[in-house]
Amino acid sequence: MNDSIVSLSYIDVCIDGVNDVVSGLHDSGAQISVIHPRVVSSLDLPSESTIKLRGLFGDAVDADLVTVTVTVTKVFILCFLLKDRKRITEAPVE
């Protein structure tokens, strides 16, 4: 039995209005993205509503629902070439 814990995967993202690149957790199982208010505090974002966030442990917490535009700094596209099934090409998109 393998008792190792899988490493978390992070990606660099840009948030409109924030000058710095932000490291974000790549969580493919998340239902909604969460950002710490300190990261976007200078943007004065209007709250669309308040939602409850529940993690694996503990009580649910209230959070403001806001809209931000987030872009990934580098994306890798995996292309399968059908003529040669053994060949895989990765191409960075910027």
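The values are calculated or read from the model by the stated rules, or taken from the named source; none is laboratory data. Not measured: the values here are computed from a predicted model. Ideal geometry is used to build each Cβ from the backbone, glycine not excepted, and the neighbour counts take in all protein chains shown.
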Count of the stretch 1-60 residues which are among the aliphatic types (A, V, I, L, M), without any contact (Cβ under 8 Å) to a residue 40 or more places away in the chain and closer than 23 Å to residue 71 by Cβ: 12
Subset of the stretch 1-30 (residues that are loosely packed, with under 10 Cβ neighbours inside 10 Å and of a type in the set (A, V, I, L, M)): 1, 5, 6, 8, 30
Qualifying residue in the stretch 8-18 (condition: at pLDDT 90 or above, assigned to a loop (DSSP other than H, G, I, E, B) and not β-branched (Val, Ile, Thr)): yes
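Every residue, every condition in (1) part of a strand (DSSP E or B); (2) modelled with pLDDT of 80 or more; (3) charged (D, E, K, R); (4) surrounded by 10 or more Cβ atoms within 10 Å (Cβ to Cβ), yes or no:
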| site | (1), (2), (3), (4) |
| --- | --- |
| 32 | no, yes, no, no |
| 35 | no, yes, no, yes |
| 39 | no, yes, no, yes |
| 52 | yes, yes, yes, no |
| 57 | no, yes, no, no |
| 64 | yes, yes, yes, yes |
| 67 | no, yes, no, no |
| 78 | yes, no, no, no |
| 84 | no, no, yes, no |
